[in-house]
Amino acid sequence: MVKVTCLGAAGSVTGSNFLVENPQGKRVLVDCGMFQGGKRMELRNWREWDFDPSQIKTLFLTHAHIDHSGRIPKLVHDGFRGKIFTSPPTAQLCGIMLLDSAHVQEMDARWQTRRNRREAKGEINPLYSMEDAQNSLQYLVPVERDEIIQVEDGIRARLRNAGHILGSSILELWVSDGRQEIKIVFSGDIGKSNQLILKDPTEIFNADYLFVESTYGNRLHKSFDESKAELQEAITYAVSHGEKVIIPAFAVERTQEIIYLLGEFYRQGKLPDIPIYLDSPLAIKATEIFRQNRKYYDEETMAIVNHGFDPFSLPNLHYSASSADSMAINEKRGSAIVIAGNGMCTAGRIKHHLKHNLWREGASIVIVGFQANGSTGRKIVEGYKTVKVFGQDVAVKARVFTIGGFSAHADQNDLLKWVGNFSESKPRVFVVHGEVAVCEEFAGVVKERLGLATYVPRWREGLVLKPKEFIAQAPAEAEVPVDLRSDMLSAYADVERHLTALREKIAREENRARITDEDIDRLRYIQEELTQILP
């Protein structure tokens, strides 16, 4: 028998991490991502590992997004010295993304330490350091896709194109149970069909067990033409009011797609003569990596290149590499398009642009990617009238455009089409990489429409896989570390004080209509904080 323990992206979108073990004691990891989306979820990044990192000799990395790669430096810091097999573009992208993530960890730790000192509390260490991130890069082993490799006794693997971001891969894993091989397929994140720049996901037809993502498993994207028209509308709206178009975008793939489309608008004479700022050092570096990897482009993108155009360049595009460049953008009045990270509005330079523009009625905020539960971007999408930016309430007066057609994730139809290729081999389908309700809904749809048996694993649940059946093993309970429990209780007390104050204000008001919209939004914010903080 073979065992898979779901240590991340089970009942959540982020934190991808799966431990695969065979009866001979060989253990490999699939992904090692960071948990994102609210305090409670992010506390998981600080937990002790459910295994000894020094005993793991192989890690497969499906792609470079931080929710799949972001804890690799911590893994190495804690003893991992094995090989990290991944595609060549993913190895290149990790070279910039893990260092950027470490920089964010260090900055957040310094900020929290300064805050703690004012409250006579102790120093905060980062999850990992720049040195840890740099050290982890030496363990990356680039392998070309579509080639079967022997990685451990009784374990073979092959990476296939996932079509999600540059270098993203599906993992085929053949694991011997001592008598026969069990084939497990991990989808990673599957791209939608006919998306910009990249080739469509590879079709796979055989598996005993399939772990499939479900990020958008309960919905359909808008058509691509509708999405392009909506982006055009967002630009026209802001320009007509003399305000800016603010686009929170992930540095890899989404940023390049937006630039690609703006280039298309320019060549068609549809782009206003306004400056375009790429305000993300990480995205600037990632764009150069895209230029270096033309072999992975689809036919349409190569046609643009062959006609003498750079799909990632246009005359009014300015790279804002330094902090001074970034600050200068908000000092300039008038219309502009600002593409900045990060994509969920939880960190990075986008927060400064939201602070300066979110409250402006003529501005456009363009949401073009998935927003995790608890993130600032999710609250903007859900219609909160105020959101927290740098600890202050900022009114949401700008017009918000949520454009799902630019997502790099497959929607329900694309996922069903891809999973449908396995109809003859009839694998057991484990639905992961989605919020709980989404996983359960998509699992039901797969069962109903494709006739495949499905299961939604829980976080830290073990799955014992046999050739024809599996056994689920409930996760062991884990204590919350004392220092984290103390921080959580302190945060709870702070929130409870705010809630009490608001209740007292409501009780004092004889005319309930005098309670402002901001008060109600504050209550919603407090309720959200409670759900994120409490264990």
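The values are calculated or read from the model by the stated rules, or taken from the named source; none is laboratory data. Given the structure is predicted, the values throughout are model-derived calculations rather than measurements. Backbone-built Cβ (ideal geometry, glycine too); neighbour counts: all protein chains shown.
Give the residue, chosen from PRO201, PRO281, PRO272, PRO248, that is in contact with a Cys (Cβ under 8 Å, 6 or more places away or on another chain) and either at pLDDT 95 or above or more than 21 Å from LEU416 (Cβ to Cβ) (or both).
Selected residue: PRO248, the only one of PRO201, PRO281, PRO272, PRO248 that is in contact with a Cys (Cβ under 8 Å, 6 or more places away or on another chain) and either at pLDDT 95 or above or more than 21 Å from LEU416 (Cβ to Cβ) (or both).
Could you list, ordered by first residue, the pairs with Cβ atoms under 6 Å in which the first is in the stretch 299-326 and assigned by TED's automatic domain parsing to the domain that holds GLU264 and the second is of a type in the set (S, T, N, Q) and assigned to a loop (DSSP other than H, G, I, E, B), at least 6 apart or interchain?
SER326/SER320
Anything in the stretch 20-45 that is more than 25 Å from VAL2 (Cα to Cα), surrounded by fewer than 21 Cβ atoms within 10 Å (Cβ to Cβ) and not small (Gly, Ala, Ser)? List them, or say none.
Within the stretch 20-45, LYS39, ARG40, MET41, GLU42, LEU43, ARG44, ASN45 meet the criteria.
Please specify each residue of the stretch 327-347 satisfying the condition of being touching a residue at least 12 places away in the same chain (Cβ under 8 Å), surrounded by fewer than 23 Cβ atoms within 10 Å (Cβ to Cβ) and small (Gly, Ala, Ser).
Passing the criteria: GLY334, SER335, ALA336, ALA347.
Check off (1) at pLDDT 95 or above; (2) within 17 Å of SER187 (Cβ to Cβ); (3) not β-branched (Val, Ile, Thr) for LEU59 and give me the number that stays unchecked.
(2)
Enumerate the pairs (first residue in the stretch 19-43 and within 18 Å of LEU463 (Cα to Cα) and modelled with pLDDT of 90 or more; second residue anywhere and surrounded by fewer than 19 Cβ atoms within 10 Å (Cβ to Cβ) and among the aromatic types (Phe, Trp, Tyr)) with beta-carbon separation below 6 Å, excluding pairs fewer than 6 apart on the same chain, so at least 6 apart or on different chains.
Qualifying pairs under 6 Å: LEU19/PHE51.
Which ones in the stretch 136-155 are aliphatic (A, V, I, L, M) and under 24 Å from the mean Cα position of the chain (by Cα)? Give the steps one after another, and end with the answer.
First, the residues of the stretch 136-155 that are aliphatic (A, V, I, L, M): 137, 140-141, 143, 148-149, 151, 155.
LEU137, LEU140, VAL141, VAL143 - these are the residues of the stretch 136-155 that are aliphatic (A, V, I, L, M) and under 24 Å from the mean Cα position of the chain (by Cα).
Consider ASP100 carefully, then state whether it is modelled with pLDDT under 95, closer than 30 Å to ALA408 by Cα and either of a type outside the set (Gly, Ala, Ser) or not assigned by TED's automatic domain parsing to the domain that holds ASP189 (or both).
Yes; evaluated as a whole, the condition is true for this residue.
I need the full set of residues from the stretch 143-173 which are among the charged types (D, E, K, R) and not in a loop (DSSP other than H, G, I, E, B), in order please.
Taking the stretch 143-173 first, the residues among the charged types (D, E, K, R) are 144-147, 152-153, 156, 158, 160, 172.
GLU152, ARG156, ARG158, ARG160, GLU172 - these are the residues of the stretch 143-173 that are among the charged types (D, E, K, R) and not in a loop (DSSP other than H, G, I, E, B).
Search the stretch 185-208 for residues being within 18 Å of the chain's Cα centre (by Cα) and among the charged types (D, E, K, R), and hand back the single one that is surrounded by the fewest Cβ atoms within 10 Å (Cβ to Cβ).
Looking at the filtered set, the residue picked out is LYS192.
What's the number of the condition HIS68 fails, among (1) closer than 20 Å to PHE250 by Cα; (2) not in a helix (DSSP H, G or I)?
(2)
Taking the stretch 378-407 as the search range and keeping residues that are under 30 Å from GLY191 (Cβ atoms), touching a helix residue (DSSP H, G or I) at 6+ places or on another chain (Cβ under 9 Å) and among the small types (Gly, Ala, Ser), which one is surrounded by the most Cβ atoms within 10 Å (Cβ to Cβ)?
Ranking the qualifying residues of the stretch 378-407, first place goes to ALA398.
Does ILE56 fit the bill of being surrounded by fewer than 24 Cβ atoms within 10 Å (Cβ to Cβ), β-branched (Val, Ile, Thr) and assigned by TED's automatic domain parsing to the domain that holds SER168?
yes
Here is a list: SER240, SER168. Which entry is in contact (Cβ under 8 Å) with a residue 24 or more places away in the chain, among the small types (Gly, Ala, Ser) and not assigned by TED's automatic domain parsing to the domain that holds ASN316?
Residue meeting the stated conditions: SER168.
Return a yes/no flag: does the stretch 212-222 have any residue that is assigned to a loop (DSSP other than H, G, I, E, B) and of a type in the set (Val, Ile, Thr).
Yes.
What's the number of the only condition in (1) part of a helix (DSSP H, G or I); (2) touching a Lys or Arg at 6+ places or on another chain (Cβ under 9 Å); (3) free of Cβ contacts under 8 Å to residues at least 60 places away in the same chain that LYS74 fails to meet?
Every listed condition holds for LYS74 apart from (2).
Please verify whether TYR260 is in a helix (DSSP H, G or I) and not acidic (Asp, Glu), treating the condition exactly as stated.
Here the answer is yes, as TYR260 does meet what is asked.
If you go through the stretch 197-237, how many residues are β-branched (Val, Ile, Thr) and free of Cβ contacts under 8 Å to residues at least 60 places away in the same chain?
Selection size over the stretch 197-237: 2.
Restricting attention to the stretch 252-282, and to residues there that are closer than 19 Å to THR301 by Cβ and under 19 Å from the mean Cα position of the chain (by Cα), which single residue is surrounded by the most Cβ atoms within 10 Å (Cβ to Cβ)?
Step by step, filter the stretch 252-282, then rank; the result is VAL252.
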